[in-house]
Amino acid sequence: MKGTSMAVAALDIRVEDREVQDFFLARQPILNIAQELIGYELLFRGTGDNRAAVIDDMGATAAVIERAVELGLHNVIGSLVAFVNVDAAILMNDVIFVLPKEHVILEILETVELTPALILRIAMLAEAGYVFAIDDVVQESYRTELLLPYIGIVKIDVLATPLQQIQALTNSFKLKGKKLLGEKIETIEMFKQCREYGFDYYQGYYFAKPDMLKGRKLKASSVLVMQILTLLIKGANNYEIVRFIKQDVALSLLLLRLVNTPLCGFRRHIASLGQALMVLGDSQLKRWLQILLYANPDVGSGASSPLMVVAATRGKMCELLAQKIHPRRSSKSDNAFMVGVLSLTDALFNVEMIDIIKQIGVSSEIQEALLARSGFYGSLLQLVELSEQPALFSVPTLSAMLENLQLSADAFYSVQKEAFEWADSISQNMTFDSEL
């Protein structure tokens, strides 16, 4: 498209003429009603600024888009969609056409002044195929009336809106043919409530928190996975581990499916668990099994959960950070990977973390990291968790944590990209694509 090529050319000129500021990046999962991952909200912040890097300076606007292009959105979101905050400066700049409309939802910030010129621009972009969302809606207003003709998704802030008002809003927007996204959903109870109201999409870390119920018993498959996890931590012989895996046919098939993906890079097909054991080796087999703890063997397609993607991302980020800090100590990176992956097992099994630790018997360093976020591994985990949540995404805090670990913003940024791509590749190779 001619407009796109012109926008790229304009972008190149702007970026060459100015120093591109470093950015921190956060991404938060967005799920559908079946709790399948359909996309992420992306948030950029400049390292010299403590607000979202969506500001009115035209040079900074170009830098935000340039950074997104440099990322290669597929490295950050895989085949899913990215919800990106936009303001008037970005919307009025032709550089917006660099963003692929098939993989981007443009969120109009609540602070954007809706001038007649901007409304015309939004209408033109919608006609060109871009999908828009209204951000942080708590009530209907003249503002929402102006935007509704061009909006596909309404994001309702469930924390700032009384339940009765949420129901009224959902009924009204549904009648107007709009999709609804509940943001800041932090509990299972709130997810269930919003599901009853008819929300289409859900944003928040409710799925990564344990739903404790007294007297609940683990399913047989969960008991088996816990036994495998215990064997992994205690360094059992891999043949013993495989013997346990064979007790669950679905779990066995998931492991073989994963081993035969491009991630492992084997030229020949791996047909059995025994063969997988031979070609993977102890360390790699244990690593893949830790990831498979989060697979759902009850789903015929081998579908992975958002919890699996987050756990894999945490594990890989912790591992890569440890490698940068201690490049010659592989045990550090192995332990860091384990801390990242195990950090969500309480949500996976709906069991207190202390009870999991007692059963599997991890080292004191790993225990401190998982229970108190303390020590070297706890510092890595804290850093990774902070980068997951836009509401807690504080540049001064991130900068201080990186300085304490003697890491640069660029180093952290490169770790994020690699971990995102790695975790998303696991998801793509084990599930069918979801569409928005």
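Structural remarks
- Condition met for residue 389 (open to solvent by 40 Å² or more (accessible area, probe 1.4 Å) and touching a residue at least 40 places away in the same chain (Cβ under 8 Å)): yes
- Candidates 184, 155, 174, 179 - the one that is more than 24 Å from residue 85 (Cβ to Cβ), charged (D, E, K, R) and out of contact with any Ser or Thr (no Cβ under 6 Å at 6 or more places or on another chain): 174
- Hits in the range 228-283 - residues which are open to solvent by 40 Å² or more (accessible area, probe 1.4 Å), touching a residue at least 24 places away in the same chain (Cβ under 8 Å) and within 24 Å of residue 331 (Cβ to Cβ): 234, 239, 263, 282, 283
- Sole residue being hydrophobic (A, V, I, L, M, F, W, C), more than 17 Å from the chain's Cα centre (by Cα) and open to solvent by less than 20 Å² (accessible area, probe 1.4 Å), chosen from 354, 360: 360
- With respect to the stated conditions, residue 105 is surrounded by 19 or more Cβ atoms within 10 Å (Cβ to Cβ) and within 24 Å of residue 33 (Cβ to Cβ).
- A single entry from 371, 344, 405, 380 fulfils the requirement of being open to solvent by less than 30 Å² (accessible area, probe 1.4 Å), aliphatic (A, V, I, L, M) and modelled with pLDDT of 95 or more: 380.
- Residues in the range 169-211 that are open to solvent by 60 Å² or more (accessible area, probe 1.4 Å) and not polar (S, T, N, Q): 174, 175, 176, 177, 179, 184, 189, 192, 195, 196, 209.
- Applying a threshold of 6 Å to beta carbon distances and a minimum spacing of six or more residues, or different chains, the list of pairs starting in the range 72-89 at a residue that is within 14 Å of residue 38 (Cα to Cα) and ending at one that is assigned to a loop (DSSP other than H, G, I, E, B) reads 79/433; 81/103; 81/436.
The values are calculated or read from the model by the stated rules, or taken from the named source; none is laboratory data. All figures in this text were calculated on a predicted structure; none of them were measured in a lab. Virtual Cβ from ideal backbone geometry, glycine too; neighbours counted across all protein chains shown. Ligands, DNA and RNA are stripped out before the accessible areas are found, and what is left, the full protein with its side chains, is counted by its heavy atoms. Shrake-Rupley method; radii C 1.70, N 1.55, O 1.52, S 1.80 Å.
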